[in-house]
Amino acid sequence: MEKNLKRATLCIRGGWEPKNGEPVEPPIVQSTTFKYDNSEEMAQLFDLKKEGYFYSRLQNPTNDVVAKKIAQLEGGVGCLLTSSGQAANFFAVFNICEAGSHIVASTEIYGGTYNLFGVTMKKMGIDCTFVNPEASDEEIQQAFRPNTRVMFGETISNPGCHVLDIEKFARIAHRNGVPLIVDNTFATPVNCRPFEWGCDIVTHSTTKYLDGHAATVGGAVVDSGQFDWMAHAEKFPGLCTPDASYHGLTYTKAFGKMGYLTKLVAQLMRDLGSIPSPHNSYLLNLGLESLHLRMAQHCRNAQQIAEFLEQQEQVAWIHYCGLKNDAHYSLGQKYLPNGSCGVIAFGLKGDRDTAIRFMDSLRLINIATHVADSRTCVLHPASHTHRQLTDEQLRASGIDPTLIRLSVGIEDVTDLLADIQQALAKC
């Protein structure tokens, strides 16, 4: 495939180059197992000395085609698909952490990821310090420890819709000899490529915009291939010292820029098995083919609705980086000049009951836990996904108790505005 293709072209043609007489759409290889003519070929596959397929828990042709497309879209050297976005974030971090390691993460991240780092991985002996992404370099630096192994943030935070200063986080991470991982779910590679701003590894919940139709749950880990693991070998023994489970193979020496992803497959996918089904990857690819068109429409609709909400008397505050009065407008113009996403965070004057009354009055827009879908949907985190937290705990997590997350779809915007207007009239 030609180099330097535009992202719109990659959405359609990336990952798959059919030969003469082959299908133009990547086929579903729905098989767990692959046959070989002799034992030696199979042995070389198990020793990572030869490329090929032998069991779909490790690699599958359909999954690999879609992973290659996402890697091309992000500008990375490779990609691994996982069974969910949560699995992707866990794999991305755990691939370079172990008991005794430490993570620095932005407070402005998805609640499930916050819980993964702050609770679940803590049980595995991996600590996390959460930092305000808007704090100074000096304040964030204080969170780092000698055992810090990674820094983590989200391009556009869920549900707060704040834009991460990727260059700032990358600068601080690299100063401490660790990689920066950025969850690029909301922006997608159509609107932002974090690698171009110093990020080292990107993750996605492909369940959201990449699929775009609420059809499949999935995740992705993409490596830029740019972080120099050997320069900080003492921090990353899993990558830079021999692996006893593979006859003393050292991933960075044996696979160079593909060392990180090879270890991810050979160890974590081998042992934990959070793979997507080939059929789910096939459906994901269908979503990717229209990603560039859908994201443009999501952004157009969201911009109009954000501008409408900004003018309404019932609205107390709104976060959408496309608004010139938004605190993150300048960061949005820097990292997302062609549009951010379709998600808007706003609050109504009143309390939790006011938010509930607004949502219950909607006729077209769905109340749903999903986000970044072709259909417009709405959620009140304090009453739904974060209902176990007090108002004080919500604010500590960067979530206003009145926050309403509106995920604007690709319907006709006049219908959406009419629905919002009639619901606001009842608040």
message: Being open to solvent by 60 Å² or more (accessible area, probe 1.4 Å), part of a helix (DSSP H, G or I) and over 23 Å from VAL66 (Cβ atoms) is the filter here; which residues of region 8-41 pass it?
response: SER39, GLU40
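Give region 13-50 a look and list any residue that's hydrophobic (A, V, I, L, M, F, W, C), within 22 Å of LEU286 (Cα to Cα) and in contact with a Lys or Arg (Cβ under 9 Å, 6 or more places away or on another chain), or say none. Reasoning before the result, please.
Filtering region 13-50 down to residues hydrophobic (A, V, I, L, M, F, W, C) leaves 16, 24, 28-29, 34, 42-43, 45-46, 48.
Pick out the ones that are also within 22 Å of LEU286 (Cα to Cα) and you get 16, 24, 28-29.
Answer for region 13-50, where residues must be hydrophobic (A, V, I, L, M, F, W, C), within 22 Å of LEU286 (Cα to Cα) and in contact with a Lys or Arg (Cβ under 9 Å, 6 or more places away or on another chain): just TRP16.
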task: List every residue pair whose Cβ atoms sit under 6 Å apart, with the two residues 6 or more apart in sequence or on different chains, where the first one lies in region 405-427 and is crowded, with 16+ Cβ neighbours inside 10 Å and the second, anywhere, is assigned to a helix (DSSP H, G or I) and of a type in the set (Val, Ile, Thr).
output: VAL408/ILE305; CYS427/THR354
query: Is there any pair with a first residue in region 55-73 that is within 20 Å of PHE195 (Cβ to Cβ) and a second that is among the hydroxyl-bearing types (Ser, Thr, Tyr) and crowded, with 20+ Cβ neighbours inside 10 Å whose Cβ atoms are under 6 Å apart and which are 6 or more apart or on different chains, and what are they?
result: VAL66/SER281
task: Looking only at region 382-396, decide whether some residue is aliphatic (A, V, I, L, M), surrounded by 19 or more Cβ atoms within 10 Å (Cβ to Cβ) and within 18 Å of PHE186 (Cα to Cα).
output: no
- request: Quickly run through region 346-373 and pick out the residues that are buried (at least 20 other Cβ atoms within 10 Å of the Cβ), of a type in the set (Gly, Ala, Ser) and touching a Lys or Arg at 6+ places or on another chain (Cβ under 8 Å).
  value: ALA372
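Residues of region 250-264 being open to solvent by 30 Å² or more (accessible area, probe 1.4 Å) and farther than 21 Å from THR82 by Cβ, which ones? I'd like the intermediate steps shown before the answer.
Of the residues in region 250-264, the ones open to solvent by 30 Å² or more (accessible area, probe 1.4 Å) are 253-258.
Those that are open to solvent by 30 Å² or more (accessible area, probe 1.4 Å) and farther than 21 Å from THR82 by Cβ: LYS253, ALA254, GLY256.
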statement: Checked region 336-345 for anything in contact with a Leu (Cβ under 9 Å, 6 or more places away or on another chain) and either open to solvent by 10 Å² or more (accessible area, probe 1.4 Å) or outside any loop (DSSP other than H, G, I, E, B) (or both); matches are VAL343, ILE344, ALA345
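I'd like to check which helices (runs of 4 or more DSSP H) are fully inside region 272-335 and have at least 1 residues that are of a type in the set (S, T, N, Q) and touching a strand residue (DSSP E or B) at 6+ places or on another chain (Cβ under 7 Å). I'd like the intermediate steps shown before the answer.
On the way: elements: 278-288, 291-310, 329-335.
Fully inside region 272-335 and qualifying: 278-288.
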- request: Check ASN4 against each of (1) loosely packed, with under 14 Cβ neighbours inside 10 Å; (2) farther than 24 Å from ASP200 by Cα and name the one condition it does not meet.
  value: (2)
Flag for VAL150 being in contact with a Leu (Cβ under 9 Å, 6 or more places away or on another chain), more than 22 Å from ARG405 (Cα to Cα) and not in a loop (DSSP other than H, G, I, E, B): yes
field: Filter pass, GLY160 being touching a Gly at 6+ places or on another chain (Cβ under 6 Å), among the small types (Gly, Ala, Ser), more than 20 Å from CYS240 (Cα to Cα) and modelled with pLDDT of 95 or more
entry: no
- request: For region 235-252, name all the residues that are in contact with a helix residue (DSSP H, G or I) (Cβ under 8 Å, 6 or more places away or on another chain), part of a helix (DSSP H, G or I) and not hydroxyl-bearing (Ser, Thr, Tyr).
  value: GLY238, LEU239, CYS240
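Report the residue count in region 164-179 for those that are open to solvent by less than 10 Å² (accessible area, probe 1.4 Å) and either under 18 Å from LYS334 (Cβ atoms) or in the same structural domain as ARG395 (by the TED database) (or both).
Here is the first cut: in region 164-179, the ones open to solvent by less than 10 Å² (accessible area, probe 1.4 Å) are 164, 166, 169-170, 172-173, 177-179.
Applying the additional criterion that residues be either under 18 Å from LYS334 (Cβ atoms) or in the same structural domain as ARG395 (by the TED database) (or both) yields 164, 166, 169-170, 172.
Of the residues in region 164-179, 5 are open to solvent by less than 10 Å² (accessible area, probe 1.4 Å) and either under 18 Å from LYS334 (Cβ atoms) or in the same structural domain as ARG395 (by the TED database) (or both).
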- request: Considering each residue of region 209-234, count those that are in a loop (DSSP other than H, G, I, E, B), open to solvent by 40 Å² or more (accessible area, probe 1.4 Å) and at negative phi, and give that number.
  value: 5
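The values are calculated or read from the model by the stated rules, or taken from the named source; none is laboratory data. The shown structure was predicted, so the numbers you read here are calculated from the model rather than taken from an experiment. Every residue, glycine among them, receives a Cβ derived from its backbone with ideal geometry; neighbour counts consider all protein chains shown. The accessibility values were calculated without ligands, DNA or RNA, using every heavy atom of the protein model including side chains. Shrake-Rupley method; radii C 1.70, N 1.55, O 1.52, S 1.80 Å.
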